[in-house]
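For reference, the structure is listed below as structure tokens.
The values are calculated or read from the model by the stated rules, or taken from the named source; none is laboratory data. None of these values were measured; they are calculated from a predicted model. Don't worry about glycine lacking a Cβ; one is built from the backbone with ideal geometry, like all the others, and counts go over all protein chains shown. What goes into the accessible areas is simple: the full protein's heavy atoms, side chains included, and nothing from ligands, DNA or RNA. Shrake-Rupley method; radii C 1.70, N 1.55, O 1.52, S 1.80 Å.
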Amino acid sequence: MDGKNNAAEAARQREYIKKIADLTEGRGLKYLVVTFGCQMNERDSEKIAGSLAEMGYTPAASEEEADILVYNTCTVRDNADKRLYGRLGVCKQYKSRKKDMLIALCGCMMQEEEVIEKLQKSYPYVDVIFGTHNIFRFPELLYMRLEGGSQIVDIWKETEEIVEDLPALRKYPFKTGVNIMYGCNNFCTYCIVPYVRGRERSRDPKEIIREIERAASDGVSEVMLLGQNVNSYAGVAGEDSGLQDLRTEFGLEPGAGVTFPQLLRMIDRIEGIERVRFMTSHPKDLSDDLIRCFAELKHLCRQIHLPVQAGSDRVLKTMNRHYDSAHYMELIDKLRAACPDIAISTDIIVGFPGETEDDFMSTVELVRKVRYDSAFTFIYSVRKGTPAEKMTDQVPEEVKHQRFDRLLDVIHEIQEEKAAADQDALLPVLVEGFSKTDPDVLTGRTDSNKTVDLTVSQKTMDAYGIDRPGELIGRIIPVKIVKAQTFSLYGEAV
Ligand code: SAM
Ligand code: SF4
């Protein structure tokens, strides 16, 4: 489904931003947005921070210092829920010392009815609560609270609308996430995302292109296209498309549908965008056309995150993943044929209900066959309201933990072997900042999304015509890898 863009609503919210800016003027108020969870939430937080900045708030150095503290929550696994309640206990102490401090909660956890009931009953000092579908309404809700309202709760069950053109504040000036679609239709039996993020809505391709063009003109060189399953992107070009050149080149008439590979081809041409990544890709919808993009497109990074979840066909079926391990391996082979040095990462769940030792060993076997560059492994966590919650054959906790550790050992062993291949390589690195552990060392990412810590010699600085290594932040530079370790690469700028 293509989402309906509501420009009038964006204009209405901008009015509330102005009203709050009038209220806060000269008060030196500060904000902090704390994000739990995935890159979608990271991007939503940038939007909340963007509104707060236009309202006149400046960033706070700590939670305690903030005049408004926003927690953008996650509920994919239950430990994320527990973390939030722990933090809210501490917030009560902040508020007892600072009466005017405001606490706002948003994100996936807020879409769960029992969470809202608990917050209303036991956490009356939380000021504003909103969900995933109405994040754009944050300025209006905050204004209502500032105008003397009590706890404001606004949760929508679903929406077809997409509200564009509200402010966003990028965490990095040189790279950004761009939502291309919202929601998920897949209903994997373990997963709560379709219930808290709603059905799939694809953004108008022209809005996506415009957003990326604007980002490029602000100096952004890397974009990460975001969606729960970007492969099922189905955008429709709006009537006032205004993208005449795209129409000519791609036959894109207003009203025409655009697939994800087509969208990638359009983005690849945007001047100033050097790197394009995307996440997440569902194996069931990974088309040959998308695989071709890795061979054809100049700016598409040689990297794909392709969650497999399990190696056992029986488990994949009960997970409702709509592919089997043979199909998954076929995709891996095609990807490597199109782009031999593509870096492949994945998500794996250990201890899904009914997982036997044999099923688990099928996962280990698949991991050994694919030889992932990296893998995010999760212990299955029961999510209320999902079909897997009702499955009777839950795996005992100690078995889950033991399998998790065994799988991690295999993944690390492979990563260690693969890391050695980067020794002495010359890799282009986007310099992102200073290393957290050593202020004399820069840190950045390769095309394949590996982290590299790097030093810059005086000779190299002279060649670049710079006085300090920090001046390289935001640039893509060649780096010679001098030490390749399992989780990190170390190099010298050349
Ligand atoms: N849409 C993405 C996909 O299908 O690949 C994933 C989105 S989800 C936020 C990220 C990962 O969390 C999933 O790939 C899965 O491995 C993990 N996950 C989701 N639900 C889980 C659960 N109930 N327990 C453990 N891990 C879970
Ligand atoms: Fe969850 Fe599956 Fe949708 Fe990913 S594709 S968000 S795992 S339901």
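Would you pick out the residues in region 280-328 that are open to solvent by less than 40 Å² (accessible area, probe 1.4 Å) and assigned to a helix (DSSP H, G or I)?
As a first pass, look at region 280-328 and keep what is open to solvent by less than 40 Å² (accessible area, probe 1.4 Å): 280-283, 286, 290-291, 293-294, 297, 299-301, 303-312, 315-316, 319, 321, 323, 325, 328.
PRO283, LEU290, ILE291, CYS293, PHE294, VAL315, LEU316, SER325, TYR328 - these are the residues of region 280-328 that are open to solvent by less than 40 Å² (accessible area, probe 1.4 Å) and assigned to a helix (DSSP H, G or I).
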Only one of these conditions is not met by ASP409: (1) among the acidic types (Asp, Glu); (2) in a loop (DSSP other than H, G, I, E, B); (3) open to solvent by 70 Å² or more (accessible area, probe 1.4 Å). Which number is it? (2)
I want to confirm something. Restricting to region 65-111 and keeping residues that are modelled with pLDDT under 95 and of a type in the set (Asp, Glu), which single residue is surrounded by the most Cβ atoms within 10 Å (Cβ to Cβ)? ASP81
Going by the conditions given, is TYR143 in contact with a helix residue (DSSP H, G or I) (Cβ under 9 Å, 6 or more places away or on another chain) and not in a loop (DSSP other than H, G, I, E, B)? yes
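Mind listing whichever residues of region 179-205 are of a type in the set (Val, Ile, Thr) and either at pLDDT below 95 or buried (at least 20 other Cβ atoms within 10 Å of the Cβ) (or both)? Break it down into steps so the answer makes sense when it comes.
Step one: of region 179-205, the residues of a type in the set (Val, Ile, Thr) are 180, 189, 192-193, 196.
The answer is ILE180, ILE192, VAL193, VAL196.
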Return only the number of the condition from (1) at pLDDT 95 or above; (2) closer than 19 Å to PRO139 by Cβ that THR24 does not satisfy. (1)
Going through region 195-220 one residue at a time, which ones are touching a Phe, Trp or Tyr at 6+ places or on another chain (Cβ under 9 Å) and free of Cβ contacts under 8 Å to residues at least 24 places away in the same chain? none
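Look at region 332-341 and say how many of its residues are in a helix (DSSP H, G or I), buried (at least 18 other Cβ atoms within 10 Å of the Cβ) and either touching a residue at least 60 places away in the same chain (Cβ under 8 Å) or in contact with a Phe, Trp or Tyr (Cβ under 8 Å, 6 or more places away or on another chain) (or both). It would help to see each step written out before you state the result.
First pass over region 332-341, keeping only residues in a helix (DSSP H, G or I): 332-338.
Next, only the ones that are buried (at least 18 other Cβ atoms within 10 Å of the Cβ) stay: 332, 335.
Going one step further and asking which of them are either touching a residue at least 60 places away in the same chain (Cβ under 8 Å) or in contact with a Phe, Trp or Tyr (Cβ under 8 Å, 6 or more places away or on another chain) (or both), we end up with 335.
The qualifying residues number 1.
Out of curiosity, is VAL395 open to solvent by less than 30 Å² (accessible area, probe 1.4 Å) and either away from ligand 1 (no atom under 14 Å from the Cβ) or small (Gly, Ala, Ser) (or both)? Full working, then the answer.
Values: open to solvent by less than 30 Å² (accessible area, probe 1.4 Å): yes; either away from ligand 1 (no atom under 14 Å from the Cβ) or small (Gly, Ala, Ser) (or both): no.
No; evaluated as a whole, the condition is false for this residue.
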Residue in region 345-379 that is most open to solvent (accessible area, probe 1.4 Å), counting only those that are under 18 Å from GLN303 (Cα atoms) and of a type in the set (S, T, N, Q): SER374
Residues to consider are LYS436, LYS418; find the one that is away from ligand 1 (no atom under 16 Å from the Cβ), part of a helix (DSSP H, G or I) and at pLDDT below 95. LYS418
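When the residues of region 206-228 are filtered to those that are in contact with a strand residue (DSSP E or B) (Cβ under 8 Å, 6 or more places away or on another chain) and part of a helix (DSSP H, G or I), which remaining residue is most open to solvent (accessible area, probe 1.4 Å)?
Just the residues of region 206-228 that are in contact with a strand residue (DSSP E or B) (Cβ under 8 Å, 6 or more places away or on another chain), to begin with: 207-208, 211-212, 215, 220-228.
Filter again for part of a helix (DSSP H, G or I), leaving 207-208, 211-212, 215.
Numbers: GLU207: 20, ILE208: 0, GLU211: 38, ILE212: 0, ALA215: 3 Å².
Checking each candidate, the answer is GLU211.
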Taking region 206-259 and keeping residues farther than 20 Å from GLU164 by Cα and modelled with pLDDT of 85 or more leaves GLY219, SER221, GLU222, ASN229, ASN231, SER232, THR259
Pairs under 8 Å by beta carbon, first residue on the phi > 0 side of the Ramachandran plot in region 108-119, partner assigned to a helix (DSSP H, G or I) and open to solvent by less than 30 Å² (accessible area, probe 1.4 Å), six or more apart or different chains? none
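Step by step: first the residues of region 178-201, then only those that are near ligand 2 (Cβ under 6 Å from one of its atoms) and assigned to a loop (DSSP other than H, G, I, E, B), then the one that is farthest from HIS282 (Cα to Cα). Which residue is that?
The initial filter retains those residues of region 178-201 that are near ligand 2 (Cβ under 6 Å from one of its atoms), namely 184, 186-188, 191, 193-194.
Those still in the list that are assigned to a loop (DSSP other than H, G, I, E, B) too: 184, 186-188, 191.
Values: CYS184: 11, ASN186: 9, PHE187: 12, CYS188: 11, CYS191: 14 Å.
My answer is CYS191.
To keep it simple, each residue is scored yes or no on (1) of a type in the set (A, V, I, L, M, F, W, C); (2) in contact (Cβ under 8 Å) with a residue 60 or more places away in the chain; (3) under 14 Å from ASN231 (Cα atoms).
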{"site": "ILE273", "(1), (2), (3)": "yes, yes, no"}
{"site": "VAL276", "(1), (2), (3)": "yes, no, no"}
{"site": "SER281", "(1), (2), (3)": "no, no, yes"}
{"site": "LEU316", "(1), (2), (3)": "yes, no, no"}
{"site": "SER345", "(1), (2), (3)": "no, yes, no"}
{"site": "GLY351", "(1), (2), (3)": "no, no, no"}
{"site": "GLU355", "(1), (2), (3)": "no, no, no"}
